[in-house]
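A.B. asks: There's a structure below that I have some questions on.
The values are calculated or read from the model by the stated rules, or taken from the named source; none is laboratory data. Everything numeric here is computed off the predicted structure, so don't read it as measured data. Neighbour counts are summed over all protein chains in view; Cβ atoms, including those assigned to glycine, are modelled from backbone coordinates with ideal geometry. Protein only, heavy atoms only, side chains kept; ligands, DNA and RNA dropped before computing areas. Shrake-Rupley method; radii C 1.70, N 1.55, O 1.52, S 1.80 Å.
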Amino acid sequence: MSVAVTAGLLIFFTIVILLLIGIPIGIALIVASILAITQVLGFSAAIPSSALKMFQGINIFTLLAIPFFILAGNIMNKGGIAVRLINLATAMTGRIPGSLAQTNVVANMLFGSVSGSGTAAVSAMGSIMGPIQKKEGYDENFTAAINIATAPTGLLIPPSTALITYALVSGGTSVAALFLGGVIPGVLWGISCMIVAFFYAKKKGYVGKKQISLNEFLKVALEAIPSLLLIVIVVFGIVGGIFTATEGSAIAVVYSLLLSIIFYKTISLKELYAILIDSAKLSAIIMFLIGASNIMAWVMSFTGIPDMMANVILGISDNPIIILLAINILLLFVGTFMDLTPAILIFTPILLPVCLALGMTPLHFGIMLTFNLCIGTITPPVGNILFAGIKVSNVKLEKVMPQLLKFYVAIFVVLLLVTYVPWFSTFLPSLAGFS
């Protein structure tokens with residue numbers, strides 16, 4: 001048996017066993033990687049080498065963007081942004097059948113992109129929109145389902161820490177290009193769910209709201225513009241080369257502080273301290289995962305696992321359509337039991353060479369990968385957005401899943417478009433001059 005096969009099997013089974021007994025994913029990655037490389041280097045060399053690789057994995061200036069965007073998102077979450085974006089979404093949906101459900105979708109797209117967190121979006125929208133829809137006679141399981149199904153759109157629509165993570169692990173794919181590449185797939189995800197909600201609302205007789213006047217619309221839009229400007233400033237600043245992604249993340253923190261403390265006056269200094277602590281904890285978890293995954297990436301590269309996996313996958317068929325379908329199925333399966341960040345860190349070095357061999361660009365693959373794994377956040381048994389949405393809506397999983405199925409179908413259709421039609425991922429980056 002080759003070194004690559006031995007190391008691959010050892011890593012796989014060690015991770016599975018450790019996860020089954022409740023060991024955190026970061027620890028599982030480190031233990032599995034050290035056991036695998038010990039077979040080649042020996043224990044005395046494996047430990048210091050692994051420690052060095054872990055340090056090197058997080059000693060990267062670009063990674064500062066992640067804690068800064070997390071902090072900016074948490075500030076925006078607590079800063080009264082959700083209500084203003086919901087008001088704007090309500091004004092935009094007008095008299096469309098099921099307008100409250102449509103409002104939920106648009107608000108998730110807006111708030112998710114501003115906050116950079118699908119969990120924050122599903123929680124905020126569920127707590128605000130859920131009671132309103134229930135009062136209007138909407139089925140509570142349908143309400144929870146559409147909230148859950150559309151919360152991940154903000155993980156694709158920039159700014160996105162998931163895409164920053166992919167940019168790092170893929171070997172330097174442009175963050176600006178990835179930000180632009182995620183816009184159309186993220187919007188299509190939301191629109192596909194709006195179409196499903198439209199037909200469901202027609203069937204159930206959920207009527208639209210009374211259309212507001214132009215003056216009322218302008219008033220609502222003006223109140224929401226300061227929040228939306230965060231996206232404009234950060235994304236266009238990065239894309240335009242005015243500042244880097246790291247600098248943009250720091251600007252996002254300063255802007256969100258000014259907006260929440262001075263303009264909206266919704267956050268006190270005491271609340272800011274709690275926000276800083278929460279952001280530091282989440283940032284530490286993600287950084288630890290990145291360091292752990294860097295050990296695994298080094299071990300896989302050293303033992304030749306990516307090349308072995310590439311040969312296996314490419315040996316499935318000569319047809320690129322079949323191979324990409326197999327990769328999608330694999331990623332959808334992975335997403336059901338693994339969180340977004342560790343999955344990106346683990347599977348990018350394995351699958352990127354395969355997709356490059358098929359003629360895919362790193363940009364196109366990154367959007368396809370992230371889209372797949374975002375679906376995992378709303379599927380059992382691990383989906384963090386799914387269970388956060390169920391908790392905030394106070395419904396049962398077995399009641400929500402039948403409603404979610406129709407949204408899964410729509411989202412899978414968009415996934416196939418993103419996979420097989422590169423234009424959806426590459427049009428905006430190419431328009432901005434990214435090759």
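A.B. asks: Roughly how many debye, to the nearest 20, is the charge dipole of the chain about its Cα centre, given +1 on each Lys and Arg Cβ, -1 on each Asp and Glu Cβ, and no other charges?
C.D. replies: 1180
A.B. asks: Taking the Cα centre as origin and putting +1 on Lys and Arg beta-carbons and -1 on Asp and Glu beta-carbons, what dipole magnitude results for segment 72-211, to the nearest 20 debye?
C.D. replies: It works out to roughly 460 debye.
A.B. asks: If I compute solvent accessible area with a 1.4 Å probe over the protein chains, what percent of it on segment 301-362 is carbon and sulfur?
C.D. replies: Reported share for carbon and sulfur atoms: 69 percent.
A.B. asks: How far, in nm, would the chain grow between residue 12 and residue 55 when pulled straight, counting 0.36 nm per residue and subtracting the alpha carbon separation?
C.D. replies: Contour length minus the Cα-Cα distance gives 13.1 nm.
A.B. asks: Can I ask one more? Using the per-residue mean of other Cβ atoms lying within 10 Å as a proxy for protection, in what order, highest first, do the peptides 60-68, 359-367 fall?
C.D. replies: 359-367, 60-68
A.B. asks: Could you state the angle between the C-alpha long axis of helix 25-41 and the longest principal axis of the C-alpha atoms of the chain, as a value from 0 to 90 degrees rounded to the nearest 10?
C.D. replies: 20
A.B. asks: Placing +1 on the Cβ of each Lys and Arg and -1 on the Cβ of each Asp and Glu in segment 248-386, which of 342, 288, 248 has its Cα farthest towards the positive end of the resulting dipole?
C.D. replies: Towards the positive end, the residue furthest out is 248.
A.B. asks: In what sequence, highest mean first, do 11-20, 300-309, 263-272, 172-181 appear when ranked by Cβ atoms within 10 angstrom?
C.D. replies: So the order, starting with the most tightly packed, is 172-181, 300-309, 11-20, 263-272.
A.B. asks: While we're here: Ranked from highest to lowest mean number of other Cβ atoms within 10 Å per residue, what is the order of the peptides 101-114, 394-407, 415-428?
C.D. replies: 101-114, 415-428, 394-407
A.B. asks: Kindly state, to the nearest 0.05, the FRET efficiency for residue 225 paired with residue 27, given R0 = 56 Å and r defined as their beta-carbon distance.
C.D. replies: Values: r = 45 Å, r/R0 = 0.80.
In this case the efficiency is close to 0.80.
A.B. asks: Report, to the nearest 10°, how far helix 140-150 tilts away from the longest principal axis of the Cα atoms in the chain, using its own Cα long axis and a range of 0 to 90°.
C.D. replies: Rounded to the nearest ten degrees, it is 50.
A.B. asks: Work from the charge dipole of segment 10-155 (Cβ charges, +1 for Lys and Arg, -1 for Asp and Glu, about the Cα centre) and give the residue of 19, 150, 67 farthest towards its positive end.
C.D. replies: 67
A.B. asks: How much accessible area per residue does the chain have, counting only protein heavy atoms and a probe of 1.4 Å, in square angstrom?
C.D. replies: That works out to 43 Å² per residue.
A.B. asks: Cα axis of helix 118-135 to longest principal axis of the chain: angle in degrees, 0 to 90, nearest 10?
C.D. replies: It works out to around 30 degrees.
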